[in-house]
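Remarks on the structure that follows.
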Amino acid sequence: MAVGNKRGIKKIIMTPKLTYKDAGVDTVSKDKFIDRTIKMMRRTYDPRVLDNPWGFAGLFALNPKGQLFAKNYKKPVLVGCTDGVGTKLKIAFMMNKHDTVGIDLVAMSINDLVVQGAEPLFFLDYIAIGKVNDELLHHIIKGVVEGCLQAGCALLGGETAEMPGFYKENEYDLAGFAVGVVEKNKIITGQKIKQGNIIIGLASSGLHSNGYSLARKVFFETAPDKIEVRKKNVVEQPPALSRYYQELGCTLGEELLKPTRIYARAIKNILSHYRIKKAVKGIANITGGGMMENIPRILPATVSAEIEENTWPGPPIFPLIQQTGQIAKDEMFRVFNMGIGLIIVVHPFFVNAVMKQLKKSGERPYVIGKIIKGQQEVIIK
């Protein structure tokens, strides 16, 4: 502001200037977080990743040892996927537990990628948060790194956007982006699926990251307790989350935060084992929309999938949701994975061998149905 002196000359007195930190963005804290994150990311690197800390983009070499990618591809096709975690994040906020949603983030893109027959190459994350919280972000990235290790891909980079006033305190949103590669003549589309092929289902770890809007409505909105109570800007757990369920073997909150299973290594092992023989005819990720919407995506126009409902032991969370919310069976199969996270359609001759390989990879496979004449439908029997 300006003040006068004895000679009538005005003297300018500067008031403190407004800073970016005053507006809610702390670039110093963010930079410290990025330095810490870079060290964690290096755990996922292989010789194809060119270390480029603080670069504007991640670098991935196509020919680290004289060959293209990890294999000697003749006609490589890049495969790209993107997805988020969805309203499962609400559970993480309520539980104040953030070290597993990063696994979900990786899984949602990687599982979509591998069903095309692709080898995962690298992953990038996007985190949007109101204010940088180093400890919270560390837990998120810890999960992303773990997911990339399970998927066998590099965490090549990402973006952390500090957006004051846009998100509530200690809340955030996540998005992920995955890139893989597949030989052009080995892309799996499902177009070679025929009547008589067998459907193998791989067990899920629970809800994965789908159907949480309905699950939250069942357990919180239809119950007398409120979804959340805010006290000093801290989200307190609804009573339902801390309730222990004998059939679940854990609290509801712990069950709902079980991370999505990543099937990359199991699929890679199967496809590597049958490089010449065409054992696998199609693969579908049972994600949002359940079996009813995802299996038809790989079916030719002249066939349908017949699923035998009682051929696998589904996790108890699904009957608990159905009974608590009084939800029809058809709706359950249209919203949730019902205990099957991924399906593989194979030629009948290879069923036993494929099952054996999947078990060696640590999966729990079940023969759950077959391909019949039809019109791209899923029939639950």
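The values are calculated or read from the model by the stated rules, or taken from the named source; none is laboratory data. Please read these numbers as outputs of a predicted model, since none were measured by experiment. Glycine gets a Cβ as well: all are built from the backbone with ideal geometry, and neighbour counts include every protein chain shown. Just so you know, the surface numbers come from the protein's heavy atoms only, side chains and all, with ligands and any DNA or RNA stripped out. Shrake-Rupley method; radii C 1.70, N 1.55, O 1.52, S 1.80 Å.
Residues that are open to solvent by 30 Å² or more (accessible area, probe 1.4 Å), modelled with pLDDT under 95 and under 12 Å from ILE129 (Cα atoms) within region 161-209 comprise MET163, PRO164, GLY165, PHE166, TYR167, LYS168, GLU169, ASN170, listed in sequence order.
Here ILE372 does not fit the description of being in contact (Cβ under 8 Å) with a residue 40 or more places away in the chain, hydrophobic (A, V, I, L, M, F, W, C), assigned to a loop (DSSP other than H, G, I, E, B) and surrounded by fewer than 20 Cβ atoms within 10 Å (Cβ to Cβ).
When you check VAL132 against the structure, is it under 22 Å from the mean Cα position of the chain (by Cα) and touching a residue at least 60 places away in the same chain (Cβ under 8 Å), yes or no? No: the conditions fail for VAL132. Count of region 290-311 residues, restricted to those that are open to solvent by 10 Å² or more (accessible area, probe 1.4 Å) and within 23 Å of the chain's Cα centre (by Cα), is 5.
Residue pairs whose Cβ atoms lie under 8 Å apart, sitting 6 or more positions apart in sequence or on different chains, and linking a residue in region 37-62 that is surrounded by 13 or more Cβ atoms within 10 Å (Cβ to Cβ) to a partner that is in a loop (DSSP other than H, G, I, E, B) and modelled with pLDDT of 85 or more, are THR44/CYS153.
Looking at region 119-135 only, could you name the residues that are among the aliphatic types (A, V, I, L, M) and open to solvent by less than 10 Å² (accessible area, probe 1.4 Å)? Across region 119-135, the qualifying residues are LEU121, ILE127, ALA128, ILE129.
Going by what's in this entry, would LYS281 be described as buried (at least 21 other Cβ atoms within 10 Å of the Cβ), among the charged types (D, E, K, R) and within 21 Å of LEU358 (Cα to Cα)? Spelling it out, LYS281 is indeed buried (at least 21 other Cβ atoms within 10 Å of the Cβ), among the charged types (D, E, K, R) and within 21 Å of LEU358 (Cα to Cα). Listed residues GLY158, GLY147; which is within 25 Å of GLU363 (Cα to Cα) and not hydrophobic (A, V, I, L, M, F, W, C)? GLY147 is the lone residue from the list that is within 25 Å of GLU363 (Cα to Cα) and not hydrophobic (A, V, I, L, M, F, W, C). Taken as a whole, the structure places VAL335 among residues that are surrounded by 18 or more Cβ atoms within 10 Å (Cβ to Cβ) and within 18 Å of PRO315 (Cα to Cα). Of all the listed residues (LEU320, LEU358), the sole one being assigned to a helix (DSSP H, G or I), out of contact with any Lys or Arg (no Cβ under 7 Å at 6 or more places or on another chain) and either surrounded by fewer than 21 Cβ atoms within 10 Å (Cβ to Cβ) or at positive phi (or both) is LEU320. Identify all residues within region 323-332 that are in contact (Cβ under 8 Å) with a residue 60 or more places away in the chain and open to solvent by less than 40 Å² (accessible area, probe 1.4 Å); write none if there are none. Those that are in contact (Cβ under 8 Å) with a residue 60 or more places away in the chain and open to solvent by less than 40 Å² (accessible area, probe 1.4 Å): GLY325, ILE327. Checking the structure you have, find out if any residue of region 342-354 is in contact with a Lys or Arg (Cβ under 7 Å, 6 or more places away or on another chain), more than 14 Å from ASN294 (Cα to Cα), of a type in the set (A, V, I, L, M) and in a strand (DSSP E or B). Checked against the condition, which is being in contact with a Lys or Arg (Cβ under 7 Å, 6 or more places away or on another chain), more than 14 Å from ASN294 (Cα to Cα), of a type in the set (A, V, I, L, M) and in a strand (DSSP E or B), region 342-354 yields at least one hit.
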